[in-house]
Amino acid sequence: MTAIYIGVMTGTSMDGVDIVAASFDPLQLHATLTLAFDPDLRNELMALTLPDDNEIDRMGKADVALAKMIGEGINTLIEQHQLDRSQIKAIGSHGQTIRHRPEHGFTLQIGDPNIITEITQIPVVSDFRRRDMAAGGQGAPLVPAFHQALFQHESIHRVILNLGGIANVSLLPAGAPEQVSGFDTGPANILMDAWCHRYTGQPYDENGNWAAYGQPIRSLLERLQAHDFFAKEPPKSTGREDFNLDWLDDQIMDWRNDELAYDELEDTPENVQATLLKLTTRAIKKAIYRSGMETGEVYVCGGGAYNSQLLEQLRWRLRKHQWTVQSTADLGLSPTWVEATAFAWLAMRFVEHLSGNLPAVTGADGYRILGSITAV
Ligand SMILES: Nc1ncnc2c1ncn2[C@@H]1O[C@H](COP(=O)(O)OP(=O)(O)O)[C@@H](O)[C@H]1O
Ligand SMILES: [Mg+2]
């Protein structure tokens with residue numbers, strides 16, 4: 001009987017919880033489901049990403065609420081698709097990151113796995129990031145090992161670009177598994193979503209249509225690019241601690257007050273949105289051009305794969321070396337499900353006592369089996 005693993009992902013965008021039931025060798029998705037957040041829980045999770053009052057108590061409550069939501073969601077998925085529970089070896093639950101501080105050696109994901117196991121009666125592998133951090137790594141990104149296992153090609157260079165709240169790249173040189181690398185390039189949707197929500201009331205900029213109305217403000221872009229994160233050499237990872245609306249507001253304020261700002265463009269909301277989009281694509285282009293791979297194929301996953309404006313700009317930016325830009329759907333896996341499937345895969349790696357990290361990506365001292373498990 002083929003082993004099925006369930007993967008659960010909720011990323012920095014906090015747009016919902018993605019759940020997949022998958023088996024590997026060959027990859028097969030048996031069922032998928034996205035759960036929408038209760039608005040109060042989402043607001044609380046968002047608030048917990050930054051320092052505030054009474055954090056421990058509030059975190060504890062959110063830990064329980066999120067776990068219940070995930071556990072019940074998994075039961076719904078199992079029942080809707082009539083999956084055989086005995087075939088499901090484990091659940092890989094990433095949890096919601098509420099703090100990621102690689103500079104201090106800690107990262108925190110919540111969504112209590114004990115509760116998920118009580119509700120589903122299935123073992124849960126969770127806490128995937130801290131073992132890598134304990135070994136001196138960033139604990140992120142963790143998806144490159146999965147991207148490599150699934151998407152590396154013998155004779156074509158490939159880049160897998162994940163556009164979630166944060167953008168991260170997996171660089172997969174043709175036929176060279178030992179040379180795989182990857183890192184976060186900076187914000188993808190976190191700033192664009194927040195900015196869009198403030199001015200249009202929409203949770204995100206559908207297809208990038210709104211950004212397409214605007215024009216990037218050159219001097220503001222330069223100021224945003226001066227963030228320390230962009231200058232760092234990999235391994236590197238980032239989150240809401242670095243890039244959030246308060247930070248953006250401060251930058252815009254400073255930019256307005258800067259007498260040397262030479263741009264003729266006004267900071268209309270759509271011009272700022274266009275600037276944020278360019279901030280994302282520029283960092284990606286730089287990562288790809290510095291990869292040492294001359295040309296090849298970029299495959300995009302995560303919700304940002306549906307931002308056609310972003311993809312178009314990326315294509316244009318990468319035209320010089322004829323990189324193609326497509327969606328992972330062209331490789332047989334929908335961009336929506338890549339990350340959740342990666343956590344199903346990481347659960348499988350744990351159960352089979354196999355490593356989940358790539359030291360060249362995270363900077364850890366070596367390969368490690370990632371996560372810990374609850375027993376049934
Ligand atoms: N049609 C679309 N047009 C533009 N952006 C989209 C579209 N669909 C999804 N997105 C973006 O993708 C984000 C969710 O991507 P996801 O991969 O789930 O991120 P995360 O891993 O951070 O949860 C949304 O917040 C939104 O910004
Ligand atoms: Mg998401």
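The values are calculated or read from the model by the stated rules, or taken from the named source; none is laboratory data. If you're wondering where the values come from, they're calculated on a predicted model, not measured in any experiment. Cβ placement follows ideal geometry from the backbone for every residue including glycine, while neighbour counts extend to all protein chains displayed. To get the accessible areas, we keep the full protein, side chains included, count just its heavy atoms, and leave off ligands, DNA and RNA. Shrake-Rupley method; radii C 1.70, N 1.55, O 1.52, S 1.80 Å.
How many residues does region 3-36 hold that are away from ligand 1 (no atom under 11 Å from the Cβ) and over 16 Å from Ile78 (Cα atoms)?
Of the residues in that region, 5 qualify.
Kindly indicate whether Ser355 is open to solvent by 10 Å² or more (accessible area, probe 1.4 Å) and either among the hydrophobic types (A, V, I, L, M, F, W, C) or not assigned by TED's automatic domain parsing to the domain that holds Pro102 (or both). Walk me through it before giving the result.
Details: open to solvent by 10 Å² or more (accessible area, probe 1.4 Å): yes; either among the hydrophobic types (A, V, I, L, M, F, W, C) or not assigned by TED's automatic domain parsing to the domain that holds Pro102 (or both): no.
Considered against the rule, which asks whether it is open to solvent by 10 Å² or more (accessible area, probe 1.4 Å) and either among the hydrophobic types (A, V, I, L, M, F, W, C) or not assigned by TED's automatic domain parsing to the domain that holds Pro102 (or both), Ser355 comes out as no.
Give me the residue from region 201-229 that is without any contact (Cβ under 8 Å) to a residue 40 or more places away in the chain and within 16 Å of ligand 1 (Cβ to nearest atom) and, out of that set, farthest from the chain's Cα centre (by Cα).
Across region 201-229, the extreme among qualifying residues is Gly201.
Looking only at region 279-294, count every residue that is open to solvent by 40 Å² or more (accessible area, probe 1.4 Å) and part of a helix (DSSP H, G or I) and tell me the total.
Residues flagged as open to solvent by 40 Å² or more (accessible area, probe 1.4 Å) and part of a helix (DSSP H, G or I) within region 279-294 amount to 4.
If I ask for residues that are under 18 Å from Gly165 (Cα atoms), in a strand (DSSP E or B) and open to solvent by 60 Å² or more (accessible area, probe 1.4 Å), which ones from region 14-41 would you list?
The one that is under 18 Å from Gly165 (Cα atoms), in a strand (DSSP E or B) and open to solvent by 60 Å² or more (accessible area, probe 1.4 Å): Thr34.
Residue check, Thr49 against (1) open to solvent by less than 30 Å² (accessible area, probe 1.4 Å); (2) outside any loop (DSSP other than H, G, I, E, B), all met but one. Which one?
The failed condition is (2).
Which of the residues spanning region 128-147 are of a type outside the set (Gly, Ala, Ser), more than 16 Å from ligand 1 (Cβ to nearest atom) and within 16 Å of the chain's Cα centre (by Cα)?
Gln138
Name the residues in region 163-205 that are touching a Cys at 6+ places or on another chain (Cβ under 8 Å) and surrounded by 20 or more Cβ atoms within 10 Å (Cβ to Cβ), would you?
Leu163, Tyr204, Asp205
Can you tell me which condition Gln313 does not meet? The list is (1) in a helix (DSSP H, G or I); (2) open to solvent by 40 Å² or more (accessible area, probe 1.4 Å); (3) farther than 28 Å from His157 by Cβ, and all the others hold.
So the condition that Gln313 fails would be (3).
Against the condition open to solvent by less than 50 Å² (accessible area, probe 1.4 Å) and in a strand (DSSP E or B), how does Gly208 come out, does it pass?
Judged against the criteria, Gly208 is not a match.
Condition check ((1) surrounded by fewer than 23 Cβ atoms within 10 Å (Cβ to Cβ); (2) at pLDDT below 95; (3) in the same structural domain as Asp15 (by TED's automatic domain parsing); (4) in contact with a helix residue (DSSP H, G or I) (Cβ under 8 Å, 6 or more places away or on another chain)) across all residues:
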| site | (1), (2), (3), (4) |
| --- | --- |
| His104 | yes, no, yes, no |
| Thr107 | yes, no, yes, yes |
| Glu118 | yes, no, yes, yes |
| Arg129 | no, no, yes, no |
| Gln152 | yes, no, no, yes |
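Kindly check whether there is at least one residue in region 290-297 that is touching a strand residue (DSSP E or B) at 6+ places or on another chain (Cβ under 6 Å), in contact (Cβ under 8 Å) with a residue 40 or more places away in the chain, over 27 Å from Asp132 (Cα atoms) and more than 16 Å from ligand 2 (Cβ to nearest atom).
yes
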